[in-house]
Amino acid sequence: MSFETIGVIGAGAWGTALAINAQRAGRNVVLWAREQDVVDAINNDQKNPKYLPDAAVEGIRATSDMAEIAKCDAVMAVTPAQFMRGSLELLGQSAPEGISVMLCSKGFEASSLKMMTDVLSESIPSAVISVLSGPSFAKDVALGLPTAVTLAASSPEEGERWMDAIGRPEFRPYFSDDLIGAEAGGAVKNVLAIACGIVEGKGLGKSAHAALISRGFAELTRLGVALGANAETLKGLCGLGDLVLTCSSTQSRNMSFGYALGQGQTVSQILASRTAVTEGVATAPAIAALAKKLDVEMPICETVAEIVAERITLSQGIEALLKRPFKAEN
Ligand SMILES: NC(=O)C1=CN([C@@H]2O[C@H](COP(=O)(O)OP(=O)(O)OC[C@H]3O[C@@H](n4cnc5c(N)ncnc54)[C@H](O)[C@@H]3O)[C@@H](O)[C@H]2O)C=CC1
Ligand SMILES: O=C(CO)COP(=O)(O)O
């Protein structure tokens, strides 16, 4: 059975862009927003000025009633990671047995150190889980610019259903059976993008920037593998691909957060100046704690966690990384 109606939970920039893409792919789309002004703007003006200004949100119905989402053939969950559990528990109140849910957010739950796949299994035990991740800025997808992503599903049949439902020439999903790899890549790259932003903001040079991406990728791979991912998956769109995108452009909220830190702003100043979520800020301490728990060497991510918690200064963090003992590359 193919998915004809798609429910999208979360009308932030990414949920809205994914809803636009699914509508363009020919699906009937219902978009759930927690804010009534966002629901009204989409239904009355075909716009989402709060989270995705400039994009036309046409042919999509917005709702604040989660029961309407539960009636759809399949659901894309796009709530920021720290609030994902609440959204899924709400969906679980009216979801049918075996509902297909695709997780599209990038982060770990800071309070439990859990991945979104675990949060979904705990909230809706019968859900059929998929993960969408990869280099894809919401604005690019909304504009219809070419994008390729990893679409990880628990069976090839489920993957086919999702690819048929949301794939388009300008939005190319590549199938993977590695749910953990797809998730881990997206979560860790956000933390590394903060580090890359700091390097750029402080003017440490492109050589340092490239070194950080490369050594950061080693950390991302180590943690992913320790969590059960296949290292090959992490070389793909959801790992290296997304790391390169997010570390290359201040269009990334994580990269621009780090850039602003590098330019001398404080964590609270930067967060107070934006409505958009900066996932790496909450995920950094979770990754640092996981690294400790699993005995995985992740000095860059641990340094970002210390900086974000304001336990060390940028200069202290940079010095500590540069003074680490020389060692073999792998
Ligand atoms: N924006 C992008 O280009 C991309 C974002 N993502 C991921 O998608 C997820 C959602 O990000 P965006 O849509 O960009 O968010 P956004 O920054 O555009 O909007 C914030 C979202 O958080 C929700 N929110 C705020 N406080 C909340 C609360 N207390 N409870 C529940 N929800 C709350 C808002 O309703 C809104 O939907 C994140 O995990 C992000 O990493 C993934 C790929 C691309
Ligand atoms: O995940 C993203 C692109 O793939 C978006 O990254 P930011 O949340 O840092 O903007």
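Read the figures in this text as sums done on the coordinates, not as results from a lab. Everything quoted here is computed from the prediction, not taken from an experiment. We place every Cβ from the backbone using ideal geometry, glycine too, and count neighbours over all the protein chains shown.
Quick notes on this one:
- Dividing the mean sequence gap of close Cα pairs (under 8 Å, 6+ apart) by how many residues the chain holds gives a relative contact order of 15 percent.
- For the range 118-125, backbone phi angles converted through the Karplus equation (6.51, -1.76, 1.60; θ = phi - 60°) give residue-by-residue couplings of 5, 4, 5, 4, 6, 7, 9, x Hz, Gly and Pro being listed as x.
- Overall, the chain carries a charge dipole of about 1000 debye about its Cα centre when +1 sits on the Cβ of Lys and Arg and -1 on the Cβ of Asp and Glu, all other atoms neutral.
- Hz values of 3J(HN,Hα) by residue in the range 159-172 - Karplus curve (6.51, -1.76, 1.60), Gly and Pro given as x: x, 4, 4, 5, 5, 4, 6, 10, x, 8, x, 8, 9, 9
- J(HN,Hα) series, the range 237-248, from Karplus relation 6.51 cos²θ - 1.76 cosθ + 1.60, nearest Hz, glycine and proline x: 4, 6, x, 4, x, 6, 5, 5, 4, 5, 8, 9
- Close amide H pairs (under 5 Å, H built 1.01 Å from N) link residue 29 with 6, 61, residues at least 5 positions away or on another chain.
- Extreme residue, positive dipole direction of the chain, given options 179, 294, 325 (C-beta unit charges): 325
- Think of it this way: in the chain, 72, 104, 238, 301 stand alone, with no other Cys Cβ under 4.7 Å.
- Cut-off under 5 Å, modelled amide H: who pairs with residue 74 long-range: 5, 7
- Overall form of the chain per C-alpha gyration tensor (a/c, 1.5; a/b vs b/c): prolate
- Amide hydrogen proximity for residue 105: with H placed 1.01 Å from N in the peptide plane, no residue at 5 or more positions away or on another chain lies under 5 Å.
- Efficiency of FRET from Cβ geometry, residue 311 and residue 157, R₀ 35 Å, rounded to 0.05: 0.15
- Highest-fluctuation residue, 289, 195, 22 considered, GNM on the chain with Cα pairs under 10 Å: 289
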